[in-house]
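In what follows, a single structure is set out as C-alpha cells and then discussed.
The values are calculated or read from the model by the stated rules, or taken from the named source; none is laboratory data. Remember, predicted model here, so these are calculated numbers, not experimental data. Don't worry about glycine lacking a Cβ; one is built from the backbone with ideal geometry, like all the others, and counts go over all protein chains shown. With ligands, DNA and RNA removed, areas are computed over all heavy atoms of the protein, side chains included. Shrake-Rupley method; radii C 1.70, N 1.55, O 1.52, S 1.80 Å.
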Amino acid sequence: MDMISNLSDDLLLKILSQLPTKDVVETMFLSKRWKFLWMMVPKLDYDDSVYEYFDDERVEYRVFREYVDRFLVLYKSPVLETLKFNLGCWLSTTDDMSTWIRFAIARRVRELEIYRSFDADDYSFELPRCLYTFEKLVVLKLYKSITLDVPREVCLSSLKVLHILSVHYKDKNSLRRLLSGCPVLEELVIDKSEGDYPPSLYVIMNSLERLSILNEFHDTGEETSFVDEKLVMNVPSLKYLNYVDIFDLGHLCSSENMPELVEANVKLVCESPEKLMRSLTSVKRLSLCLYGSMLQHHIEFYQLIRLELCGCGPKWWNLLTWMLQSSPKLQFLKLNKVL
C-alpha cells in the first residue's frame with residue numbers, strides 16, 4: 001500500500017485542500033479509500049477558465065454549471081471553510097451565484113471569494129440578500145463585475161476581512177451600509193480604479209487594523225463625473241495604511257488621528273494633503289509619494305524611524321527638506337525615482 005494512503009483522513013483532507021476542486025474529484029478513482037474522501041474536503045475552488053469557450057459558450061458554461069451543482073449536491077462536510085469562484089464567462093448569472101451562495105451559507109462557510117473577470121456593466125450580477133445577514137462569514141473577497149445592492153439591514157457580525165476590488169455599486173450609499181454592518185472588521189481593501197464607486201467614502205470603524213484604498217484610475221480624456229470626491233477616515237485602532245490616489249479631481253481627504261499606526265504607504269495627488277498628513281504623526285515606517293505642498297504646515301513625526309520618499313513629483317526636494325525637519329528620530333532614508 002502506498003505511503004499517502006496510510007495517512008490519516010484529516011491530513012489527506014489538508015493535502016486535497018491545496019488542489020483545484022476539479023483535480024480533487026478525480027482522486028475518487030485512486031482506490032476505495034479515496035472514493036468518498038473528496039466529498040469532505042473543506043476548501044472548494046471552482047474555476048471556469050479550465051473550459052474552452054470557443055465553439056459554443058452556452059454549452060460549455062452549462063457543463064461547468066452542472067458540474068458545480070452536482071458536486072455541491074454530493075458534498076458531505078457539515079462545515080465549509082472556503083469557497084472560491086473564478087468566473088470568466090459572461091453567461092454566469094445572479095441565479096447561479098445565488099444558488100451556490102445559499103448552499104455555502106447552509107454549510108456555514110467562513111471564507112467566500114468571487115472573482116468575475118468578465119468586466120461589462122450589462123452582465124454584472126448581484127449577490128443574494130441573504131449574504132448580507134450571514135453572521136458566520138469571516139472573510140469576503142469580491143472582484144470586478146459584481147454589483148453590490150446592499151439592503152438597509154446588514155449584519156455581518158463575524159466578518160474580519162473584506163476586499164472589494166473594482167466592483168459596481170447599486171447606489172451611492174451601498175458601500176456605507178455595508179461597512180456599517182461589519183462591527184468587528186479588522187482588514188479592509190477597497191480598489192476603485194475601475195468600475196463605479198460612490199463619490200464619498202466614509203471609513204469610520206473602531207476595530208479596523210489594516211486599511212488599503214486604491215485609486216489608480218488613469219485619465220482617458222473622456223468626460224467623467226468623479227469630481228469633488230470625499231474620503232473621511234476615523235480608524236483609531238489602525239496599524240497599517242495603504243492609500244494610493246493618483247487621479248486628482250479636487251477630492252478632499254479628512255482623517256482623525258491614528259495613534260496606533262505603525263506603517264503607512266501614501267501615494268497621493270492632492271492640492272491639500274495636510275489633513276491626511278496630520279493623522280500620520282504616530283507612524284514609524286512611512287513610504288511617501290506626495291504631489292502637493294506641505295511647506296507652510298508644521299507637523300512633527302515624533303515616532304518616524306524609516307522613510308522612503310519618491311522623487312518623481314515636482315520640487316520633491318522641498319518635501320524631502322520638510323520631512324527631515326519634521327522627523328527628529330529618523331534613522332533610515334531611501335530615495336526612489338529621483339528625477
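The accessible area of Ser117, taken with all protein chains in place and a 1.4 Å probe, comes to roughly 50 Å².
Taking label points 7 Å from Cα along the Cα-to-Cβ direction, Gln325 and Asp47 give a separation of 5.4 nm.
With semi-axes defined as the square roots of five times the eigenvalues of the C-alpha gyration tensor, the equivalent ellipsoid of the stretch 140-209 measures 18, 13, 11 Å, largest first. With each label modelled as a point 7 angstrom along the Cα→C-beta vector, the Glu113-Lys136 pair spans 2.1 nm.
Database remark: amide H of Leu201 closer than 5 angstrom to the amide H of Lys230, Leu231, Val232 (H placed geometrically; neighbours at sequence offset of 5 or more, or on other chains; Pro and chain starts carry no H).
Using the Cβ of Ile305 as centre and a radius below 11 Å, the other residues enclosed give a net charge of +3, where K and R count +1 and D and E count -1. Bridging of Lys76 to lysines at a Cα separation below 21 Å is possible for Lys14, Lys22, Lys32, Lys35, Lys43, Lys84, Lys136, once same-chain residues fewer than 8 apart are set aside.
Straight-line reach from Lys334: which lysines have a Cα under 19 Å away, not including same-chain ones fewer than 8 places off? Qualifying lysines at Cα under 19 Å: Lys267, Lys284, Lys315.
Accessible area of the stretch 112-179 with a 1.4 Å probe: how many percent of it is carbon plus sulfur? Can you show the working numbers first?
Numbers: 1230 of 2860 Å².
Result for the stretch 112-179: 43 percent of the exposed heavy-atom area is carbon or sulfur.
Compared with the direct C-alpha span, the chain from Trp317 to Tyr302 gains 3.3 nm at full extension, assuming 0.36 nm per residue.
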